[in-house]
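**Q** Quick one: the structure is below, and I'll ask about it shortly.
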Amino acid sequence: MATVGEVMSTGLLTVDASTPLVDAAKLMHERAVGAALVLAEDRVGGILTERDVLRAVALGQVEGTDVAMWMTHHPETIEPSDSTGHAASIMIHGGFRHLPVVDGEKAVGIVSIRDLMRVVLDDETPRGA
């Protein structure tokens, strides 16, 4: 089974907790990513996801708010050496689609449910097809 480090994305989008929500959403759109990590000295302090932005829009509270108001504070994390199966289990049981990857306490990547599906689909694809 593959490790998280083999499938994670390392081109992280990071934002500050004080970043206006609108600006963070624009950055997510420009980079075509579903989540941004909120770092405090290379440590994961939070994660802002598409769902968080959608919740703010649905409640009519986008303008004048910042990332800190909508992010998930101190999200669960995983290490690059952990298996993709372990990452999938954490995501399924936690009900989320993005998981920060840390080496010790330093943020080194993010793994998404899409990253994990690529592993599964590659395993299922007939060889030579």
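Read-outs: derived from the displayed coordinates by stated rules, not from any lab. This structure is a prediction, so every number in the text was calculated from the model and none was measured. Don't worry about glycine lacking a Cβ; one is built from the backbone with ideal geometry, like all the others, and counts go over all protein chains shown.
**Q** How high is the relative contact order of the stretch 4-124? Use alpha-carbon pairs under 8 Å, at least six apart in sequence, and give a whole percent.
**A** Relative contact order for the stretch 4-124 comes out at 31 percent.
**Q** What angle do you read, to the nearest 10 degrees and between 0 and 90, between the alpha-carbon axis of helix 21-31 and the longest principal axis of the chain?
**A** Once rounded, the angle reads 30 degrees.
**Q** Rounded to the nearest whole Å³, what is the per residue volume of the convex hull around the Cα atoms of the stretch 8-69?
**A** Numbers: hull volume 4.7 nm³, N = 62.
That works out to 77 Å³ per residue.
**Q** OK, next. For the stretch 4-124, what mean projected area does the convex hull of the alpha carbons give, in nm²?
**A** Answer in nm², one decimal: 7.5.
**Q** Continuing with this model, one more query. Alpha carbon centre of the stretch 37-73 versus the stretch 94-120: separation in Å?
**A** One Cα centre to the other: 18 Å.
**Q** Give me, ordered by chain and number, the residues 5 or more places off Leu13 or on other chains with an amide H under 5 Å from its own placed amide H.
**A** Distant-sequence amide H within range of Leu13: Leu37.
**Q** Please find the FRET efficiency linking Lys26 to Arg114, where r is the Cβ-Cβ separation and R0 is fixed at 22 Å, and quote it to the nearest 0.05.
**A** 0.55
**Q** What's the extension gain from Glu79 to Asp16 if we count 0.36 nm per residue and subtract their Cα-Cα distance?
**A** 20.4 nm
**Q** Each residue of the stretch 89-102 in turn: what ³J(HN,Hα) in whole Hz from Karplus with 6.51, -1.76, 1.60 and θ = phi - 60°, glycine and Pro shown as x?
**A** Along the stretch 89-102, the couplings run 4, 4, 5, 4, 6, x, x, 10, 10, 9, 9, x, 10, 10 Hz.
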